[in-house]
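One structure below.
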Amino acid sequence: MQPIIATGTGAASGPALEILIRMPDERGRYANSADFLRAAERYQLMPQIDRWVINGTLAAVSSGEIKLAASRSCAINISAQTLGDEGFLDFVVETLDHSGVSPASICFEVTESAITANVQHAQRFIEVLHGIGCEFALDDFGSSLGSFASLKHLPIDYLKIDGAYTRNLNTDPVNQEMVAAMIKLARTMDFRVVAEQVEAQEDFDWLRDNGVDFVQGNFVDPPVTMGAATSASGSYLALSS
């Protein structure tokens, strides 16, 4: 799990942490998560993995193993394969109901490309779950800006800026302009902004000073395993399989 912190004092609500999954190799070392997820996608395993993550996360929130401050939420990524699974929405609704966890405690992260690849399923998934109180973040925003016109009417709460743009902000004018444009767009749409993969003090300061609401990255805190640490915004973990 990796914490997400508010950059100002006015953010009483919003994501507090993101669930990450890692797979240990035969020596107990964690493999590169991108390699693991690519293999899972190749073998059509992402719907099973996403169900496992949701079950584990809701159980941890329900039991108090993940402690969230009032009005803060736990972010869970949903893959494109899973958004195309016709039974996934019913699974999430039933699992939320059985867990007793408030829907407002969960923020689902979906990418632009995942939505556009499964428009009908994605729209119903987002609208139904947002309607019962879950939050939604548009993940890796900026990686495929051309698709945004088809997404602007969905009930999205956050834009999560792709990590390719959140580095070298004091010296890279292109990244500066891209991030500034994303922030302006988010304000126009009444979305709040999360910056991911923030690795340096200078980038954190630039993002805070230019209006980003939340920051996530190794500069704030690297991912930790379940139960290994707690913070004012809750405990944070990395699920391992």
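The values are calculated or read from the model by the stated rules, or taken from the named source; none is laboratory data. Source: prediction; values computed, not measured. Every residue, glycine among them, receives a Cβ derived from its backbone with ideal geometry; neighbour counts consider all protein chains shown.
Here is a check on your reading of the model: is V212 within 18 Å of the chain's Cα centre (by Cα) and either of a type in the set (V, I, T) or in a helix (DSSP H, G or I) (or both)?
yes
Just a yes or no: is a residue in the range 98-115 assigned to a strand (DSSP E or B), touching a residue at least 12 places away in the same chain (Cβ under 8 Å), of a type in the set (S, T, N, Q) and buried (at least 21 other Cβ atoms within 10 Å of the Cβ)?
Here is the first cut: in the range 98-115, the ones assigned to a strand (DSSP E or B) are 106-111.
Filter once more, so that each one left must be touching a residue at least 12 places away in the same chain (Cβ under 8 Å): 106-111.
Imposing the further condition that a residue be of a type in the set (S, T, N, Q) reduces the set to 111.
Now narrow it down to the ones that are buried (at least 21 other Cβ atoms within 10 Å of the Cβ): 111.
For the range 98-115, residues assigned to a strand (DSSP E or B), touching a residue at least 12 places away in the same chain (Cβ under 8 Å), of a type in the set (S, T, N, Q) and buried (at least 21 other Cβ atoms within 10 Å of the Cβ): present.
Okay, residues lined up against (1) within 16 Å of P15 (Cβ to Cβ); (2) at pLDDT 95 or above:
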{"residue": "G146", "(1), (2)": "no, no"}
{"residue": "L154", "(1), (2)": "no, no"}
{"residue": "A164", "(1), (2)": "no, no"}
{"residue": "A186", "(1), (2)": "yes, no"}
{"residue": "V194", "(1), (2)": "yes, yes"}
{"residue": "D209", "(1), (2)": "no, yes"}
{"residue": "V224", "(1), (2)": "no, no"}
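Working only within the range 181-206, note down all residues that are farther than 17 Å from F141 by Cα and either hydrophobic (A, V, I, L, M, F, W, C) or in a helix (DSSP H, G or I) (or both).
Scanning the range 181-206 gives A200, Q201, E202, D203, F204, D205, W206.
Identify the single condition in (1) at pLDDT below 95; (2) within 17 Å of the chain's Cα centre (by Cα); (3) surrounded by 14 or more Cβ atoms within 10 Å (Cβ to Cβ) that E65 does not satisfy, given that it satisfies every other one.
Here E65 meets the rest and fails (2).
Quick check, is M23 touching a strand residue (DSSP E or B) at 6+ places or on another chain (Cβ under 9 Å) and surrounded by 20 or more Cβ atoms within 10 Å (Cβ to Cβ)?
No; evaluated as a whole, the condition is false for this residue.
Among residues belonging to the range 13-41 that are among the hydrophobic types (A, V, I, L, M, F, W, C), over 16 Å from the mean Cα position of the chain (by Cα) and within 21 Å of F88 (Cβ to Cβ), point out the one that is modelled with the lowest pLDDT.
Out of the qualifying residues, it is F36.
So which residues in the range 118-144 are on the phi > 0 side of the Ramachandran plot and at pLDDT 95 or above, if there are any at all?
Listed by number, the list holds a single entry, G133.
Would you point out which residue out of Q48, Q44 is within 26 Å of A34 (Cβ to Cβ), more than 18 Å from the chain's Cα centre (by Cα), not charged (D, E, K, R) and not in a helix (DSSP H, G or I)?
Q44
Which one of these does A60 not meet: (1) touching a strand residue (DSSP E or B) at 6+ places or on another chain (Cβ under 7 Å); (2) surrounded by 14 or more Cβ atoms within 10 Å (Cβ to Cβ); (3) over 20 Å from L154 (Cα atoms)?
Result: A60 fails condition (1) only.
If P173 satisfies every condition in (1) at pLDDT 95 or above; (2) under 25 Å from T188 (Cβ atoms); (3) under 17 Å from the mean Cα position of the chain (by Cα) but one, which is the exception?
(3)
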